[in-house]
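For reference, the structure discussed in these notes is given below.
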Amino acid sequence: MGFFSTIFGICGFGFGISIGLVAGYFLFIYFQPTDVQDPEIRPLVEQDTETLQRMLPEIPLWVKNPDYDRVDWLNKFLGYMWPYLDKAICKTVKNIAKPIIAEQIPKYKIDSVEFEVLTLGSLPPTFQGMKVYVTDEKELIMEPSIKWAGNPNVTVAVKAFGLKATVQVLDLQVFLSPRITLKPLVPSFPCFANIFVSLMEKPHVDFGLKLIGADLMSIPGLYRFVQELIKDQVANMYLWPKTLEVQIMDPTKALKRPVGILLVKVLRAVKLKKKDLLGAADPYVKLKLTEDKLPSKKTTVKHKNLNPEWNEEFNLVVKDPQSQALEIQVYDWEQVGKHDKMGMNVVPLKDIPPEEPKVFTLDLLKNMDMNDVQNEKSRGQLVLELTYKPFKVEELANGFEETQSVQKAPEGTPGGGGLLVVIVHEAQDVEGKHHNNPSVRLLLRGEEKRTKHIKKNRDPRWEEEFQFMLEEPPTNDKLHVEVVSTSSRMGLLHPKESLGYVDISLADVVANKRINEKYHLIDSKNGRIQIEMQWRTAS
């Protein structure tokens, strides 16, 4: 009987399980509960305030303010780099603080102040959003919203009168909205010369402070007093329009702006060698500064003369007197064919004393290779008088700040005249019918200057600077600015094409000293060009 009872028990269990599964499946499929409703989907704008607070405890700044951009990529970057940034920042802080502490502690009769522990913790700051401003100046303006609820541990040990006290800073929270301006933008890495930082509102600062293990912030009234004191002190120093300026590089070297004028007086040449068949030559002199893209200056041609006298003066704009040199070349003018080179030489600007005229008698050489035996051959001599007129320090400082003031021209500037500086920044929506390789042509009083060509671009950016040395203020003159496209292929029916032009009156530049504007191009559908001009005088 025991055997049959076991068999019947197993069969009953299996049959019961099968009946239960079938019945449960039938009830699940064909019977629906009456107290469950389908979820109602509604847009966020239709939700009430309490519901939004439950769904989004903290609404991101880029949601509330559309002019703020998301910077999730920057937060991810900080998250990955924070362990390394923590060590680098703490090391830099120690190196900066150590000499300052060593200089200050004797005043307060303190033996030593040392960092026992200095770490920024494992939680990096986060950027809630960033606003970027677009201006016509050479600058980049950013307004990030930064929140840092970190877990730093800063422990400072102070020793005085044989006693030791430790101060510990914990649980730091900083919320701030700084305005960061990078200017001026320059063509040298890291592409900006200065960083200007100012706060747009008082920052929120909260932290824990322990002295010898006791929590000082738990003292009634002290927490609020310290918090407000820090806010006020930081606001007094950096609340806009006050700024913190950090210089990254020397703007003079970065921008390669003019730092002086080289006055060149070509006096005469002596014992030049015959070049023509009839035993004479037609010499003229070309002058050019190295590292300069401006065209060479030329003297007049002295026909059939081996000992010519010119007594002609030229002004050359100097950008770096330590590295630049004056390159002199003497040519024999030919009516037909290539002009023959009679000789050359170079004078480094660092060999010219400032503000003192100096006469140079230069031997003409075939080239500047001192090991070339052909340079031993006599080719004649050239006599020059050179004077370097540097700008004053205060004038340079004013000139490199992106303000309405500009630097003055040197004393060697022609009386009543000055230096007109034209900076071609960029153009927009310039389009040709046959090709689009734009460059800019500048024409003033018969003197022409050109920018480089940029291939296949409707929105080119040049950032090139040109100088016009003028004998008198151009109050009645106009600067002709033309955008020209040149074909990069040979044999086309339209090798050159005008993309638009504008004639700019210079009276406003003389009156205001500086203008930076965008001009609509004539004969162009939507084309515009941004030109900056400065008028620099000696007075």
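Can you tell me how many residues in the range 314-364 are hydroxyl-bearing (Ser, Thr, Tyr) and not in a strand (DSSP E or B)?
Let us first name the residues in the range 314-364 that are hydroxyl-bearing (Ser, Thr, Tyr), namely 323, 331, 361.
When the remaining residues are screened for being not in a strand (DSSP E or B), the result is 323.
Qualifying residue count for the region: 1.
Here is a check on your reading of the model: is Lys478 in contact with a Leu (Cβ under 8 Å, 6 or more places away or on another chain) and open to solvent by 80 Å² or more (accessible area, probe 1.4 Å)?
yes
Output the residues belonging to the range 306-323 that are more than 18 Å from Thr361 (Cβ to Cβ) and among the aromatic types (Phe, Trp, Tyr).
Within the range 306-323, just Phe314 meets the criteria.
So Arg257 fits all but one of (1) touching a helix residue (DSSP H, G or I) at 6+ places or on another chain (Cβ under 9 Å); (2) at pLDDT below 75; (3) surrounded by fewer than 15 Cβ atoms within 10 Å (Cβ to Cβ); (4) of a type in the set (Lys, Arg); what number is the exception?
Against the list (1) touching a helix residue (DSSP H, G or I) at 6+ places or on another chain (Cβ under 9 Å); (2) at pLDDT below 75; (3) surrounded by fewer than 15 Cβ atoms within 10 Å (Cβ to Cβ); (4) of a type in the set (Lys, Arg), Arg257 comes up short only on (3).
With (1) free of Cβ contacts under 8 Å to residues at least 40 places away in the same chain; (2) within 38 Å of the chain's Cα centre (by Cα) as the list, and Lys138 as the residue in question, which single condition is left unmet?
Looking at each condition in turn, Lys138 falls short on (1).
Quick one: count up the residues across the range 408-426 that are modelled with pLDDT of 80 or more and open to solvent by less than 10 Å² (accessible area, probe 1.4 Å).
The number of residues fulfilling the criteria is 8.
Counting just the residues of the range 300-313 that are open to solvent by 30 Å² or more (accessible area, probe 1.4 Å) and assigned to a strand (DSSP E or B), which one comes out farthest from Val421 (Cα to Cα)?
The residue in question is Glu309.
For the range 512-522, what are the residues that are touching a residue at least 24 places away in the same chain (Cβ under 8 Å) and open to solvent by 60 Å² or more (accessible area, probe 1.4 Å)?
Asn512, Lys513, Glu517, Lys518
Can you tell me which residue in the range 314-341 is nearest to Gln381 (Cα to Cα), limited to those that are open to solvent by less than 50 Å² (accessible area, probe 1.4 Å) and polar (S, T, N, Q)?
Residue satisfying both the conditions and the ranking: Gln329.
Being closer than 24 Å to Leu419 by Cα, buried (at least 17 other Cβ atoms within 10 Å of the Cβ), modelled with pLDDT under 90 and out of contact with any Asp or Glu (no Cβ under 6 Å at 6 or more places or on another chain) narrows it down to one residue among Glu465, Glu497, Glu471; which is it? Spell out the reasoning first.
Values: Glu497 fails: closer than 24 Å to Leu419 by Cα; Glu471 fails: buried (at least 17 other Cβ atoms within 10 Å of the Cβ).
After applying the criteria, what remains is Glu465.
Looking at (1) open to solvent by 60 Å² or more (accessible area, probe 1.4 Å); (2) touching a residue at least 24 places away in the same chain (Cβ under 8 Å), which is the one condition that is false for Thr387?
Against the list (1) open to solvent by 60 Å² or more (accessible area, probe 1.4 Å); (2) touching a residue at least 24 places away in the same chain (Cβ under 8 Å), Thr387 comes up short only on (1).
Could you check Ser145 against (1) at negative phi; (2) free of Cβ contacts under 8 Å to residues at least 40 places away in the same chain and say which number it fails?
Only one criterion is unmet by Ser145, namely (2).
Within the bounds of the range 101-113, is there any residue that is outside any loop (DSSP other than H, G, I, E, B), under 16 Å from Trp148 (Cβ atoms) and open to solvent by less than 80 Å² (accessible area, probe 1.4 Å)?
Looking for residues that are outside any loop (DSSP other than H, G, I, E, B), under 16 Å from Trp148 (Cβ atoms) and open to solvent by less than 80 Å² (accessible area, probe 1.4 Å), one finds none in the range 101-113, hence no.
Scan the range 427-456 residue by residue and report those that are open to solvent by less than 50 Å² (accessible area, probe 1.4 Å), part of a loop (DSSP other than H, G, I, E, B) and closer than 21 Å to Lys518 by Cβ.
Within the range 427-456, Val430, Gly432, Asn436, Thr451, Ile454 meet the criteria.
Given (1) more than 30 Å from Ile423 (Cα to Cα); (2) modelled with pLDDT of 85 or more, where does Ala280 come up short, assuming only one miss?
Every listed condition holds for Ala280 apart from (2).
Restricting attention to the range 289-299, and to residues there that are assigned to a strand (DSSP E or B) and either out of contact with any strand residue (DSSP E or B) (no Cβ under 7 Å at 6 or more places or on another chain) or open to solvent by 60 Å² or more (accessible area, probe 1.4 Å) (or both), which single residue is nearest to Leu263 (Cα to Cα)?
Once the filter is applied, the top-ranked residue is Lys297.
Does Glu58 satisfy the condition of being exposed (fewer than 10 other Cβ atoms within 10 Å of the Cβ) and either modelled with pLDDT under 65 or closer than 30 Å to Val156 by Cβ (or both)?
yes
The values are calculated or read from the model by the stated rules, or taken from the named source; none is laboratory data. Note that the structure is a prediction, hence the values are computed from the model and not measured. Cβ coordinates were reconstructed from backbone atoms using ideal geometry, including for glycine residues, and neighbour counts include every protein chain displayed. Accessible surface areas use protein heavy atoms only, side chains included; no ligands, DNA or RNA. Shrake-Rupley method; radii C 1.70, N 1.55, O 1.52, S 1.80 Å.
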